[in-house]
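Novice: Sharing a structure with you now.
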Amino acid sequence: MWAWALLPISLTVWATAGIWIVYAMSVTNGSVNITEGFPYISTCGSYPPQSCIFGQVLNIGAMIVVWTVVMRFQQIRDYHCDSSVNSASLAMGLLCALGTSLVGNFQQSNQIETHLVGAFLAFIIGNIYFWLQIVLTYKVKPRHGGSWIGPVRVILCAATSIFLIAMIVCAAFKMPSIAAICEWVVAMSLFVLFGLFAVEFWHIDGLFFHVKKRTAIPNEMQMSTITLTT
């Protein structure tokens, strides 16, 4: 059902619009001064009233990320690719969602340590998640999107990795404006990568989560399957 494709698209639109609205509010009310340097995303979302919007945007975004990565995990299983890579990608995706929520709820001006842990999970673990998805893109049949979807993911993941490294290096060498620009590019790249799942989700007709229940019978173990349909 094509409507499932709207889920990753809504995540991309929601998150992109949300953080740029937060940026616009922070510049307008003087919370950040762009004449002194380009601000980090988290700096824009550190002060009220935009901090409230920032937290809500990321919390809802984290919820959609969980939904998206679980659906992608089950879709790959339904294509008979129940591999360790798929399981690892699910774990990475859920950690990315957790980090997104931590970033939104623990602003850097209030709890910097937890905020940095969240940023690590959202950016670095999120990037790892999409590298695993590249492996699955070439491994799973059918490959929706034809020959272009794989190279596009590779280019975006490579760009994300490069800008992540540049962000860390620039922050270490006290170049905050350049580091902040790299952070924004990384965020936008991750949003686009999530949006690309619309290509695969377009082909979902129904989604089934299988819960296996082991029932003890004298001298025998019987396996039954409960199927939940969404």
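The values are calculated or read from the model by the stated rules, or taken from the named source; none is laboratory data. Computed from a predicted structure; not experimentally measured. Only protein heavy atoms, including side chains, enter the accessible area calculation; ligands, DNA and RNA are left aside. Shrake-Rupley method; radii C 1.70, N 1.55, O 1.52, S 1.80 Å.
Novice: Using the reciprocal of the averaged 1/r over all distinct C-alpha pairs, how large is the Kirkwood radius of the range 132-180 in Å?
Specialist: Taking every pair of different Cα atoms in the range 132-180, averaging 1/r and inverting gives 12.5 Å.
Novice: On to the next question. Give me the 1.4 Å probe accessible area per residue for the chain, excluding ligands and nucleic acids, in Å².
Specialist: Here the per-residue accessible area is 50 Å².
Novice: Output the 0 to 90 degree angle, nearest 10, between the alpha-carbon long axis of helix 149-172 and the longest principal axis computed from the alpha carbons of the chain.
Specialist: Roughly 40 degrees, rounded to the nearest 10.
Novice: Of all accessible surface on the chain at a 1.4 Å probe, what whole percent is carbon and sulfur?
Specialist: On the chain, the fraction of accessible area on carbon and sulfur atoms equals 71 percent.
Novice: Bin by bin, in steps of 5 Å, what percent of the Cα pairs in the range 1-64 do you find, going until the bin that has the longest distance?
Specialist: 4, 19, 26, 19, 13, 9, 6, 3, 1, 0
Novice: Suppose a student asked you for the relative contact order of the chain, using Cα pairs under 8 Å spaced at least 6 residues apart; what percent would you report?
Specialist: 26 percent
Novice: Run through all the Cα pairs of the range 1-112 and give the fraction in each 10 Å bin from 0, expressed as whole percent.
Specialist: Answer for the range 1-112: a P(r) of 14, 37, 27, 15, 6, 1 percent.
Novice: Helix 126-139: angle to the longest alpha-carbon principal axis of the chain, degrees 0 to 90, nearest 10?
Specialist: Taking the Cα atoms of the chain, the angle to 126-139 is about 40 degrees.
Novice: Cα convex hull of the range 65-120: mean projected area in nm², to one decimal?
Specialist: Mean shadow area of the hull around the Cα atoms is 3.7 nm².
Novice: Compute the angle between helix 6-28 and the longest alpha-carbon principal axis of the chain, please, reported from 0 to 90 degrees and rounded to the nearest 10.
Specialist: Its long axis makes an angle of about 10 degrees.
Novice: Along its principal axes, what span do the Cα atoms of the range 119-208 show, with the longest given first and each in whole Å?
Specialist: Its Cα atoms span 50, 24, 16 Å along the three principal axes.
Novice: What value, in deg cm²/dmol to 500, does the helix sum -39500 (n - 2.57) over DSSP H runs of n ≥ 4 give at 222 nm once divided by the residues of the chain?
Specialist: Working: 9 runs with 149 residues, N = 230.
Helices in the chain give a 222 nm mean residue ellipticity of -21500 deg cm²/dmol.
Novice: In vacuum, with every alpha carbon of the chain counted as one equal point scatterer, what does the Debye formula give for log10 I(q)/I(0) at q = 0.08, 0.13, 0.16, 0.17 Å⁻¹? Two decimals, please.
Specialist: Normalising to I(0) and taking log10 leaves -0.34, -0.79, -1.10, -1.20.
Novice: A further question on this structure: Whole angstrom only: what separates the Cα centroid of the range 47-91 from the Cα centroid of the range 110-136?
Specialist: Centre-to-centre (Cα) distance: 12 Å.
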